[in-house]
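We did not get these values from a lab; they are worked out from the coordinates using the rules stated. Note that the structure is predicted; figures quoted are calculated from it, not measured. So basically every Cβ, Gly included, is an ideal-geometry build from the backbone, and we count neighbours across all protein chains shown.
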Amino acid sequence: MSRDEQSRSSKRLAHNHGELMKRVLIVIKGLGRGGAEQLLVSAAPYLDRSRFEYHFAYVLPHKDALVAKLTGLGFPVHCVGGGRKASWITRLSRLARDFDLVHVHSPVAATALRLMTRKPALVCTEHNVWGRYHRATYWANRLTFNLNDHVFAVSDEVHRSMRSLPWVQLPSVETLYHGPDRAELARWIGVDGVREELGISESAPLIGTVANFKTHKGYPHLMTAAAAVCKELPGARFVLVGQGPLEPEIKAIARELEIEDSVIFTGYREDVPRLMAAFDVFAMASLHEGLSIALLEAMSLGKPPVVTRVGGLPEVVGTDEGFVVEPADPETLANRIVTLLRDPELRERLGAGAKRRAENFDISRTVARTEAIYDEILS
């Protein structure tokens, strides 16, 4: 069925319910396996399709790993990339004109849509602190930012990073925390066998992280910390869940530090919560973050975290839930991990605190607030 046919079919269905359904297009740079991309998939089952006709669009054709999950849920997905480098802008603009509201999760795509002559209502979610953007992206985003109808920031730190120009007011901006899909997490509770599958003894201290192998995830610092932990606790094992361009480099670092037998690289996994349930400690060495959903998933499973003081991480982890250390400080990161591993009572107490704290974060609540804003704008 063509896009026009899908549109006519949806409108007929809406008329049968007595009103014209509003059309919403959700746009992101790519649909590969990343945090922001996974958020869209986690949110999809909670979208109210009785009131909104949802479509998704992405720019990078090679980042399409999650397309099948969205289409499997019945959502039309459009790839606007391919061909000449900037031709996606024209295709995205033409597509957007058919919608009442566009919700963008990419500053570059958002800039292009803000400059449309005849644009739909525009909502933007900012996933990163502005200081991390490429200089051209930063200024393009900043100069056009007031053309948004509403903006969500994924953490207070992202919110604070936004800077309006003296002669331009910021649009309506609010911090909206995202969270894990609790129904998906519940599906994996009680499903065991991880240690046996990965060749890890039941008595081995197990530290895990979930993050793609990219520069900002701070993996070299995590490996340095892992070497220090293994020196103190030779039986300790580190499980790294993710994929990405730096994976060969991180494996080489593990070999250089002579901890390759203590570090397990799992690659991409569909059963991440199952693996997390086997962790004793969740560790994250990021150099910058918006807000890590992997962290919230681990906390939901009662795993005490040791994370860096970047982005929204310290907004989530307090002294009753885990430890926060400075970025690029592997020595302190290692010390805090060892402290938790050597003190089962502390580990249990902070794990229970982490679980309670994580109850405040739920993707279904995020979707409900987002759709309430859609209603306000479209009314």
### Message
Just to be sure I understand: with springs between alpha-carbon atoms less than 10 Å apart, which residue in L31, L198, L122 has the highest mean-square fluctuation in the Gaussian network model of the chain?
### Response
L198
### Query
How large is the dipole of the stretch 267-333 about the Cα centre if only Lys and Arg carry +1 and Asp and Glu carry -1, each at its Cβ, rounded to the nearest 20 debye?
160
### Message
Which residue fluctuates most in the GNM of the chain (Cα springs below 10 Å): I89, I189, I264?
### Response
I189
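R0 = 30 Å: FRET efficiency of L165 with R365, Cβ-based, nearest 0.05?
For R0 = 30 Å, the calculated efficiency reads 0.35.
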### Query
What share of all Cα pairs of the stretch 241-293, in percent, falls into each consecutive 10 Å distance bin?
18, 48, 33, 1
### Task
For the chain, give the magnitude of the charge dipole about the Cα centre (Cβ charges: +1 Lys/Arg, -1 Asp/Glu; no others), in debye to the nearest 20.
1700
### Query
Given the Cα-Cα distance of D261 and R342 and 0.36 nm per residue of separation, how much length would full extension add, in nm?
27.0 nm
### Query
Given only helices, namely DSSP H runs of n ≥ 4 each adding -39500 (n - 2.57), what is the per-residue ellipticity at 222 nm of the chain, to the nearest 500 deg cm²/dmol?
-12000 deg cm²/dmol
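Return the loop-located GluC sites (Glu not before Pro) in the stretch 304-379 (DSSP other than H, G, I, E, B) with at most 13 other Cβ atoms within 10 Å of their own Cβ; answer none if there are none. Don't skip to the end; give the middle numbers.
Details: sites: E315, E321, E331, E345, E348, E359, E371, E376; in loops: E321, E359.
Sparse-neighbourhood loop GluC sites (Glu not before Pro): E359.
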### Query
Looking at A254, Y268, V317, which one has the Cα that reaches farthest to the positive end of the dipole of the stretch 184-358 (charges on Cβ: Lys, Arg +1; Asp, Glu -1)?
V317
### Message
Could you tell me what a quarter of the Cα convex hull surface of the chain works out to, in nm² with one decimal place?
### Response
19.9
### Query
Of G34, I189, L296, which is farthest on the positive side of the dipole of the chain, counting Cα position, with +1 on Lys and Arg Cβ, -1 on Asp and Glu Cβ, and the Cα centre as origin?
G34
### Euclidean distance of C-alpha centroids, the stretch 257-330 and the stretch 114-188, integer Å
25
### Query
Hey, how much of the P(r) for the stretch 184-358 falls beyond 19 Å, as a percent of Cα pairs?
51
### Query
Taking the Cα centre of the stretch 184-358 as origin and charging only Cβ (+1 Lys, Arg; -1 Asp, Glu), how large is the dipole, in debye to the nearest 20?
280
### Query
Beyond 16 Å, what percent of the Cα pairs of the stretch 129-259 remain?
76
### Query
Which of A136, A298, A211 moves most in a GNM of the chain, Cα contacts under 10 Å?
A136
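Number of Lys-Lys pairs in the stretch 184-358 under 20 Å by Cα, sequence gap 8 or more or different chains?
Final tally of qualifying lysine pairs is 5.
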